[in-house]
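The structure appears right after this line, and notes come after that.
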């Protein structure tokens, strides 16, 4: 009997590429890094120099020399938290609209605009 995977419900991700984040749980807890990629349909982010996975590659004409390749594996968004550039702490953020009707992110701790 075939088992079908349940579709992942996307959550509202307030993180963007090049944001500085801190890892909250897992073996990489406490490490900080810059977001390289946001995978919205899987609710995941790829963080620079965090959650390194080793892949064994066979030599081929396209990839060249084989061997063990280390690359960043994705993390779930619930495991990371944005570091506010103003107060330099990993805190929660919320989205608000400014006076000129533009959406921007706000740090909940220091109430400062993160972008915009």
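The values are calculated or read from the model by the stated rules, or taken from the named source; none is laboratory data. Everything quoted here is computed from the prediction, not taken from an experiment. No Cβ is skipped: glycine too gets one built from the backbone with ideal geometry, and neighbour counts run over all protein chains shown.
Is it the case, given these coordinates, that residue 50 is in a loop (DSSP other than H, G, I, E, B) and surrounded by 10 or more Cβ atoms within 10 Å (Cβ to Cβ)? Here the answer is yes, as residue 50 does meet what is asked.
Condition first: modelled with pLDDT of 95 or more, more than 16 Å from residue 14 (Cβ to Cβ) and either in contact with a helix residue (DSSP H, G or I) (Cβ under 8 Å, 6 or more places away or on another chain) or assigned to a loop (DSSP other than H, G, I, E, B) (or both). Can you find one or more residues in region 65-75 that meet it? Yes, that holds for at least one residue. In region 1-37, the qualifying residues are those that are within 23 Å of residue 103 (Cα to Cα) and in contact with a helix residue (DSSP H, G or I) (Cβ under 8 Å, 6 or more places away or on another chain), and the one that is modelled with the highest pLDDT is 15. Checking residue 91 against (1) modelled with pLDDT of 95 or more; (2) surrounded by 13 or more Cβ atoms within 10 Å (Cβ to Cβ), only one condition comes out false. Which one? If we test residue 91 against (1) modelled with pLDDT of 95 or more; (2) surrounded by 13 or more Cβ atoms within 10 Å (Cβ to Cβ), just (1) comes out false.
Of the residues making up region 80-97, just one is over 16 Å from residue 23 (Cβ atoms), free of Cβ contacts under 8 Å to residues at least 24 places away in the same chain and not in a strand (DSSP E or B), namely 88. With respect to the conditions (1) in a loop (DSSP other than H, G, I, E, B); (2) free of Cβ contacts under 8 Å to residues at least 24 places away in the same chain; (3) surrounded by 11 or more Cβ atoms within 10 Å (Cβ to Cβ); (4) over 13 Å from the mean Cα position of the chain (by Cα), residue 26 lacks only one, and its number is (2). Restricting attention to region 29-47, the residues that are assigned to a loop (DSSP other than H, G, I, E, B) and without any contact (Cβ under 8 Å) to a residue 24 or more places away in the chain add up to 3.
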